[in-house]
Amino acid sequence: MIRQPERGFMGVLSNLEPKSVFHYFEEITKIPHGSRNVQQISDYLVRFARERGLYYVQDALKNVIIVKEATPGYEKEPVVILQGHMDMVAVKKPECEIDMKTEGLKVAIRGDEIYAESTSLGGDDGIAVAYSLALLDSDTIQHPRLEVVITVDEEVGMDGARGIDLSMLTGNRMINLDSEDEGIFLTSCAGGARVNCVLPLALEERLGTAAELTVGGLLGGHSGAEIHKERGNSNCLLGRALYRISEKLSVGLCALEGGLADNAIPRETKACIIVEEKDIDALTEIVKALETEVKAELSSKDPDVYVRLGRQEAGCFLSVTPDDTRRAAAFLCALPNGVQTMSADMPGLVETSLNLGIVRLASEERQLKADFSVRSSVESAKQALIGKIAAVTGLAGGSCSVSGDYPGWKYRKDSPLREKMVAVYERMYGTSPKVEAIHAGLECGILGSKIKDLDCVSIGPQMHDIHTTEETLSISSTRRVWEYLVCLLQERDNIL
């Protein structure tokens, strides 16, 4: 049987089916587990395994592997690896008071959707963990040997997958549970890297009026799954605004902050700028004109975008010099962003892209920091794009470093796992799943370099707007994918 929550427990998701899956998903949402803040969730997984007498490994990075032996009659079936990651992109609305480093989420239900109030939900990839725990906890579901691999820090460079030791695994068939579209089986993905740019800037004490410049109201989204929608990037738009202002006025940049993760399209960016009192009216007109332009450009893609001037205060401020403010603005304007090329082999698939996810300048610092997520299904194109970022940064007087470089996941022509998964799906639903590639990065490429002859397919329930505060998880889709997983694991190879 599947262990049920303790008597007296009544969570928001308690009445949803399958109960065990939604119980564990809600338990996960109570634990802070943003990227690089995974100690608590990792220890929770260890306690889960220990309490059930399951073999487990927790490494120095806090990756966790849990093994459950085959049920009677399934000992000779191929071992199945279930894989996902325990970290989430932790973002919240500006007015939200939740400390996502120390507090859990406030989950809620709206029709067929689960969401979190004023924050991201972490369905990516909390649902993979919930599915895995529900399977490991069941005494009635028949299955082959299960080797569950839950990695850390996937969202910030796949550090967990990069550092994990998988030599103890015995299987080579892996179901990755890190996809967001039901009925789509992913069989390859792009490779990627993080590029971190630093631009040194000169500071000075400056008399004038400080004004807050904000670009916001954007939809944002996942830089792999939604980059093709060409939504506005608040960091790029702020750079455009700053460049327009610096062309016409003597302005000093006092502070700049935008974006929360390199792989999330930024929704809001704020800057503090210093201008002379006599230029306030001119500044207001420039900002109004730019807002009109941007609203017209993004009327269909980001209808609620705005460019605004906020509170103003006169005084003496430490700021970037006007010359270096103009240089920083030109740098932000010159940097590439968004879709660079589409695939010629797979219509509709983005081949190469990048996302300016984070920009930072604190008033006491002498450098502007800009972080990119770069993706491509062609390795040489990925390296060429990284080179372009480095060239632009070098011309502006800065430098770049590359981290989190991960390989793409190549399509496997001969895949017994894919054939079995398609056959089971067709029998259950009377239609064929879509077998596709994805531009977003998955850990399958890295893990494939550690598991000989890896045969892998990625699936998951329907989610929308992952990596944003509008993220939702479909309840009915979660149930259907669970039923499919159970049926798939109970299916013996020799029946097909």
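Taking the C-alpha atoms only, the angle from helix 379-395 to the longest principal axis of the chain is near 20 degrees. For the chain, the relative contact order comes to 22 percent (Cα pairs under 8 Å, sequence separation of at least 6).
Probing with 1.4 Å while keeping every protein chain in the model, the per residue accessible area of the chain equals 41 Å².
Tell me, what is the percent relative contact order of segment 299-400, built from C-alpha pairs under 8 Å that lie six or more residues apart?
Averaging sequence separation for qualifying contacts and normalising by length gives 20 percent for segment 299-400.
Projecting the Cα atoms of 353, 310, 464 onto the dipole axis of the chain, where Lys and Arg carry +1 and Asp and Glu carry -1 at the beta carbon, places 353 farthest toward the positive end. Counting only alpha carbon atoms, the long axis of helix 280-297 and the longest principal axis of the chain meet at about 40°. Of the GluC sites (Glu not before Pro) found in segment 33-85, the ones in coil according to DSSP and having at most 11 other Cβ atoms within 10 Å of their Cβ are 75. Which of the listed residues, 237, 65, 399, is farthest toward the dipole's positive end in the chain, when Lys, Arg count +1 and Asp, Glu count -1 at the beta-carbon? Result: 65. Pairs of lysine residues in segment 1-157 that meet both criteria, 8 or more places apart or on different chains and Cα atoms under 20 Å apart, total 13. Only one of the values (1) 71, 64, 51; (2) 83, 53, 42; (3) 69, 58, 46 was calculated from this structure for Cα extents along the principal axes in Å; name its label. Label of the calculated value: (2). Against the chain, whose longest principal axis is taken from its Cα atoms, helix 234-248 shows a tilt of about 10°.
Straight Cα distances below 15 angstrom link residue 270 to the aspartates and glutamates 95, 212, 257, 291, with same-chain residues fewer than 8 positions distant left out. Determine the shape class of segment 366-496: with a ≥ b ≥ c the square roots of the Cα gyration tensor eigenvalues, call it rounded for a/c under 1.5, and otherwise prolate if a/b is greater than b/c, oblate otherwise. Prolate. Surface calculation, 1.4 Å probe, protein heavy atoms: residue 50 sits at approximately 140 Å² accessible. So in segment 6-159, what percent of DSSP beta bridges are antiparallel if you round to the nearest 5? Antiparallel bridges: around 65 percent, rounded to the nearest 5.
Sum up the charges of everything whose Cβ sits under 13 Å from the Cβ of residue 168, counting Lys and Arg as +1 and Asp and Glu as -1, but leave residue 168 out. Before the final figure, lay out each step's value.
Numbers: positive: 145, 450; negative: 59, 147, 165.
Counting the neighbours of residue 168, the net charge comes to -1.
Look at the alpha carbon pairs under 8 Å that are at least 6 residues apart: their mean separation over the length of segment 359-440 gives a relative contact order of 21 percent. Our note on the geometry: Cα centres of segment 375-403 and segment 92-157, 33 Å apart. Report note on the peptides 247-255, 83-91: ranked by the mean count of other C-beta atoms within 10 Å, highest first, their order is 83-91, 247-255. Dipole orientation for the chain: of the candidates 482, 24, 334, 482 has the Cα lying most toward the positive pole (charges on Cβ; Lys, Arg +1; Asp, Glu -1).
Under the simplified labelling scheme, the residue 52-residue 106 pair shows an inter-label distance of 3.2 nm, with each label point 7 Å from Cα along Cα→Cβ. Only Lys, Arg, Asp and Glu carry charge here, each on its Cβ (+1 for the first two, -1 for the last two); on that basis the chain has a dipole of about 600 debye about its Cα centre. Beta-bridge orientation, the chain: approximately 80 percent antiparallel, per DSSP, counting only bridges with both partners inside. Our helix-only sum for the chain, with -39,500 (n - 2.57) per DSSP H run of n ≥ 4 divided by its residues, gives a mean residue ellipticity at 222 nm of -9000 deg cm²/dmol.
Our note on the geometry: Cα centres of segment 442-496 and segment 184-234, 29 Å apart.
Measuring nothing but protein heavy atoms, the accessible surface of segment 23-154 at 1.4 Å probe radius is 48 percent carbon and sulfur. For segment 415-463, the list of trypsin sites (Lys or Arg not before Pro) that fall in a loop by DSSP and count at most 12 other C-beta atoms within 10 angstrom reads 452.
In this simple spin-label approximation, residue 388 and residue 493 carry label points 7 Å from Cα along the Cα→Cβ vector, and these lie 4.5 nm apart.
The values are calculated or read from the model by the stated rules, or taken from the named source; none is laboratory data. Bear in mind that the values here come from a model prediction, so they are computed numbers and not experimental data. Positions of Cβ are backbone-derived with ideal geometry, glycine not excepted, and every protein chain shown enters the neighbour counts. Areas reflect the complete protein model, heavy atoms only, side chains present, ligands, DNA and RNA absent. Shrake-Rupley method; radii C 1.70, N 1.55, O 1.52, S 1.80 Å.
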